[in-house]
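K.L.:
Sharing a structure, written as structure tokens. Questions coming.
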Amino acid sequence: MRLLILGGTGDAAELSAKVANISGIEAIASLAGRTREPILPSGNFRVGGFGGAAGLAEYLHQMQIDVLIDATHPFASQISLNAATAAHEVGIPHLMLIRPPWEKVAGDRWIEVDSTSAAADVVENQAKRVFLTVGRQELAAFAHLQDIWFLMRMIDPPAADALVPPGMILCDRGPFTLTQEKELLIQNHIDTIVSKNSGGNATYAKIIAARKLGIQVVMVKRPPVPDAEQVANVDAAVAWLREKL
Ligand code: NAP
């Protein structure tokens, strides 16, 4: 059975490693090619866009892919839409591996918003020193906020000509510990965190740290997902695959 895993997440890498040990499955993992030094999946992989839903459908057809698992990030909505369209067109089973969003618990001071530009509006009125963790590609939405200081954490630095708000860039990759996150927030006198509701454990420590320190979090809600079969973790995706063998 030939499987294409759309990746770019820790879950996708873990899934690639697990299916490598299942006889009867030949997997190819696909990365968009955004990060300079990606964590490469075990086994076969390819890098770069397909050319929209039509390009992906063509790839599925040409490579004789039998099953598609979309294990991309919950905020990577274009590729997920393309995956649903292409799998439907080619007529192959399609599963979304999508970790559950974080839920607000007692002590959390969240302001939930629908987009990064809505997050920028909240920050403009309510913050002075912000820990911005929405990724390199979303910095421009905050660039006009010249009276606010930002600590911006991302995997790779922004392009030289990118619009970036004032502050400091910190290039680092999770997982992060609670101790690390608390220190970062305290040392930089952070009053507000801006985060996507990514879910999972790798970047959750900052949310716990904010709760413990009483810091507000502007939480960007997830975009809608296409209508597709879904599982919430890697083991459930493996079980789904075994049923297809
Ligand atoms: P996106 O907006 O949904 O996708 C934009 C285009 O990038 C797609 O149309 C596709 O190009 C290409 N692409 C995306 N993921 C791909 C993959 N796994 N393999 C091949 N091509 C892919 O995606 P994005 O938000 O820029 O995210 C890019 C990658 O980074 C994803 O793989 C995602 O899992 C990962 N990531 C995203 C975030 C986030 O916050 N968005 C966070 C962590 C990791 P074509 O149309 O040419 O096929």
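K.L.:
If I take every Cα pair under 8 Å that is 6 or more residues apart in the chain, average their sequence separation and divide by the length, what percent do I get for the relative contact order?
P.N.:
It rounds to 22 percent for the chain.
K.L.:
Of the accessible area of region 110-220, with the probe set at 1.4 angstrom, what percent is carbon plus sulfur?
P.N.:
Result for region 110-220: 49 percent of the exposed heavy-atom area is carbon or sulfur.
K.L.:
If the viscosity is 0.890 mPa s and the temperature 25 °C, what Stokes-Einstein diffusion coefficient in µm²/s follows for region 110-220 when Rh is the Kirkwood radius over Cα pairs?
P.N.:
178
K.L.:
Using a probe radius of 1.4 Å on heavy atoms only, what accessible surface per residue do you get for region 110-220? Whole Å² is fine.
P.N.:
46
K.L.:
Please compute P(r) over all alpha-carbon pairs of the chain, binned at 10 Å starting from zero, and give each bin as a whole-number percent.
P.N.:
7, 30, 32, 21, 10, 1
K.L.:
What distance in nm lies between label points placed 7 Å from Cα along the C-beta direction at K244 and R222?
P.N.:
Placing both labels 7 Å along Cα→Cβ, they lie 1.9 nm apart.
K.L.:
Something else about it: For region 1-72, report the accessible area per residue in Å² (1.4 Å probe, heavy atoms, rounded to an integer).
P.N.:
48
K.L.:
Extension gain A54-N21, at 0.36 nm per residue separation less the Cα-Cα distance, in nm?
P.N.:
8.7 nm
K.L.:
Taking 0.36 nm per intervening residue step and subtracting the Cα-Cα distance, what contour gain separates E103 from N233 on full extension?
P.N.:
45.1 nm
K.L.:
Nearest 500 deg cm²/dmol is fine: what mean residue ellipticity at 222 nm does the chain get from its DSSP H runs of n ≥ 4 alone, each adding -39,500 (n - 2.57), divided by its residue count?
P.N.:
Mean residue ellipticity, 222 nm, calculated: -9500 deg cm²/dmol.
K.L.:
Take the Cβ-Cβ distance between M1 and R36 as r, set R0 to 35 Å, and report the resulting FRET efficiency rounded to the nearest 0.05.
P.N.:
It comes to 0.60.
K.L.:
Name all residues of region 28-49 having a backbone nitrogen under 17 Å from the label point set 7 Å from the Cα of Q180 along its Cα→Cβ direction, giving them as ranges.
P.N.:
Counting only backbone N, you get 37-39.
K.L.:
How compact and how long is region 1-87, expressed as Rg and Dmax of its alpha-carbon atoms in Å?
P.N.:
For region 1-87, the Cα radius of gyration and maximum Cα-Cα distance read 12.0, 32 Å.
K.L.:
Another question about this same structure. Could you give the length gained on full extension between Q137 and N125, defined as 0.36 nm per residue of separation minus the Cα-Cα distance, in nm?
P.N.:
2.0 nm
K.L.:
Using only the alpha carbon atoms of region 45-168, find the Kirkwood hydrodynamic radius as the inverse mean reciprocal pair distance, in angstroms to one decimal.
P.N.:
Its Kirkwood hydrodynamic radius stands at 17.4 Å.
The values are calculated or read from the model by the stated rules, or taken from the named source; none is laboratory data. The structure presented is a predicted model; accordingly, all values stated were derived computationally and were not measured. Positions of Cβ are backbone-derived with ideal geometry, glycine not excepted, and every protein chain shown enters the neighbour counts. Only protein heavy atoms, including side chains, enter the accessible area calculation; ligands, DNA and RNA are left aside. Shrake-Rupley method; radii C 1.70, N 1.55, O 1.52, S 1.80 Å.
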